[in-house]
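A.B. asks: Can you read through this structure? Questions will come right after.
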Amino acid sequence: MAARFIALVLSLALSSGSVASGPADVEGAWVWPVSGARSVVEPFRAPVHDYGAGHRGMDVAAAAGADVIAPAAGVVAFSGTVVDRPLITIDHGGGRVSTWEPVSPTLSPGDVVATGDLIGTVATGGHAKRGTLHVGVRLDGRYINPLPLFGEVPRAILLPCCEG
């Protein structure tokens with residue numbers, strides 16, 4: 001019974017991306033991308049498989065027009081509009097790539113950014129609710145939970161494991 005519980009906890013941790021994205025594998029915590037209180041409106045939810053439902057990032061509270069800053073140094077990999085939303089993607093090296101949407105970017109592909117540099121302003125469009133900024137992070141091509149990169153650890157939620 002204890003072995004099943006431990007296996008369940010490890011399985012959930014691995015599927016949420018929290019193991020691969022802990023602060024220990026980042027050179028210092030990332031800085032929060034917008035000013036104001038740190039508020040996660042919609043958390044990361046890992047899909048069961050590559051094509052499954054989930055939320056491959058987190059949405060943070062951010063007013064339209066608010067400045068968005070680079071959370072860590074990198075190089076702009078993409079800057080433009082995809083379908084109905086403006087966005088910017090930054091390659092931070094080491095297989096880590098972040099995407100910010102909806103953001104009207106102020107930079108172009110190839111531009112080098114330092115931690116804290118302005119990368120654009122919060123816009124509207126896409127799946128993110130008005131008043132939020134979607135933060136997506138991939139590590140070696142797989143989406144991970146971005147919250148631990150900012151020095152915060154998601155609260156553990158215990159789930160029932162066995163029927164009585």
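The values are calculated or read from the model by the stated rules, or taken from the named source; none is laboratory data. If you're wondering where the values come from, they're calculated on a predicted model, not measured in any experiment. Neighbour counts are summed over all protein chains in view; Cβ atoms, including those assigned to glycine, are modelled from backbone coordinates with ideal geometry. Side chains are part of the model used for accessible areas, which takes the heavy atoms of the whole protein and leaves out ligands, DNA and RNA. Shrake-Rupley method; radii C 1.70, N 1.55, O 1.52, S 1.80 Å.
A.B. asks: When region 37-63 is examined, which residues are found to be open to solvent by 60 Å² or more (accessible area, probe 1.4 Å) and more than 15 Å from the chain's Cα centre (by Cα)?
C.D. replies: Ala37, Val48, His49, Asp50, Tyr51, Ala53, Ala63
A.B. asks: How many residues does region 120-143 contain that are without any contact (Cβ under 8 Å) to a residue 60 or more places away in the chain and either touching a Ser or Thr at 6+ places or on another chain (Cβ under 6 Å) or not in a loop (DSSP other than H, G, I, E, B) (or both)? Working first, answer last.
C.D. replies: Initial filter on region 120-143 (without any contact (Cβ under 8 Å) to a residue 60 or more places away in the chain): 120-121, 123, 125-127, 138, 140-141.
Those still in the list that are either touching a Ser or Thr at 6+ places or on another chain (Cβ under 6 Å) or not in a loop (DSSP other than H, G, I, E, B) (or both) too: 120-121, 123, 138.
Total meeting the criteria: 4.
A.B. asks: Right, something else. Mind checking which residues of region 42-80 are outside any loop (DSSP other than H, G, I, E, B) and either in contact with a helix residue (DSSP H, G or I) (Cβ under 8 Å, 6 or more places away or on another chain) or modelled with pLDDT under 95 (or both)?
C.D. replies: In the first step, residues of region 42-80 are kept if they are outside any loop (DSSP other than H, G, I, E, B); the result is 42, 45, 55, 58-61, 67-69, 74-80.
Glu42, Arg45, His55, Met58 - these are the residues of region 42-80 that are outside any loop (DSSP other than H, G, I, E, B) and either in contact with a helix residue (DSSP H, G or I) (Cβ under 8 Å, 6 or more places away or on another chain) or modelled with pLDDT under 95 (or both).
A.B. asks: While we're looking at this one, here's another question. Can you tell me which of Pro160, Pro102, Pro146, Pro109 is open to solvent by 20 Å² or more (accessible area, probe 1.4 Å) and touching a residue at least 24 places away in the same chain (Cβ under 8 Å)?
C.D. replies: The unique qualifying residue is Pro109.
A.B. asks: Quick one: which residue in Arg138, Arg130, Arg155 is surrounded by 14 or more Cβ atoms within 10 Å (Cβ to Cβ) and either more than 16 Å from Pro33 (Cβ to Cβ) or at pLDDT 95 or above (or both)? It would help to see each step written out before you state the result.
C.D. replies: Numbers: Arg130 fails: surrounded by 14 or more Cβ atoms within 10 Å (Cβ to Cβ); Arg155 fails: surrounded by 14 or more Cβ atoms within 10 Å (Cβ to Cβ).
Answer to the selection: Arg138.
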